[in-house]
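Encoded as structure tokens, the structure appears first; notes follow it.
The values are calculated or read from the model by the stated rules, or taken from the named source; none is laboratory data. All of these numbers come straight from a predicted model, not from anything done at the bench. Ideal geometry is used to build each Cβ from the backbone, glycine not excepted, and the neighbour counts take in all protein chains shown. Just so you know, the surface numbers come from the protein's heavy atoms only, side chains and all, with ligands and any DNA or RNA stripped out. Shrake-Rupley method; radii C 1.70, N 1.55, O 1.52, S 1.80 Å.
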Amino acid sequence: MTLLDIGCGWGFLLIEAAKKYKIKGTGITLSHEQYGEFKKRIKEENLQDYLDVKLMDYRDLPKSGKTFNRVVSVGMVEHVGRENYQLFNDCVSQVLNDGGIFLLHFISALKEHPGDACIKKYIFPGGVVPSLREMLSAMAEDNFHVLDVENLRLHYNKTLLCWEKNFREHLDEISRMFDQRFIRMWDLYLSACAATFHNGIIDLHQILAIKGINNDLPMVRWY
């Protein structure tokens, strides 16, 4: 089975998939640091026959000539911009085989809004939080049939609290790398985001969809 990870980060998802399920995976990223580290990890794990990573923009996927059985994107679509949601889904559709599965995992909002000005200026320049309904609408235009939608809001609250704890436990190391202004800003960011997830100001949705119709999949939620 072939798996594409759009915005693959440091490669953990693909590495686990290759180890556990022997998939043939490709990750794409725009980060030179992530690209280099993922390449290193592939070699360290002896997964050269299973995995590859490319410095590539998602908009270049259709002309890559490759197609996949599965596509996943975790925490990346928040960075493409509201005007590009349809284009993002179009590109996924063009590289996903008919009957293939698309898993889209993203921070979401109840309604469309421009987002927090502080976060957009200091943490995620250009970032926009999609609403669930506008992402579902864009997916429908590409004949994606939704199998499942899950809200992991409280999971991400716990995740951010763990990040905050880890951050505080390593302040001595961090202070040697960054100044106090950054440390205060990052501390506020982690704590504030944990609170926004706890209070339902933002959500974390995971959409599982099929390109077209595939009646050979399980009829109940997969665990």
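Values for this structure:
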read-out: Around N69: net Lys/Arg minus Asp/Glu count, Cβ-Cβ under 15 Å; value: +2
read-out: For the stretch 1-33 versus the stretch 108-173, the gap between their alpha-carbon centres in whole angstrom; value: 20 Å
read-out: Dipole magnitude of the chain, debye to nearest 20 (Cβ charges: Lys/Arg +1, Asp/Glu -1, about Cα centre); value: 260 debye
read-out: Accessible surface of the chain, 1.4 Å probe, proportion on carbon and sulfur as whole %; value: 55 percent
read-out: Whether the stretch 7-74 is rounded, prolate or oblate, judged on the alpha carbon gyration tensor where a/c under 1.5 counts as rounded; value: oblate
read-out: Rounded to 5, the percent of DSSP beta bridges in the chain classed as antiparallel; value: 45 percent
read-out: The stretch 101-150: trypsin sites (Lys or Arg not before Pro) falling in loop per DSSP and having at most 11 other Cβ within 10 Å; value: K111
read-out: Cα shape, the stretch 36-176, gyration tensor, a/c 1.5 rule; value: oblate
read-out: Accessible solvent surface per residue of the chain, calculated while the other protein chains remain in place, 1.4 angstrom probe, Å²; value: 58 Å²
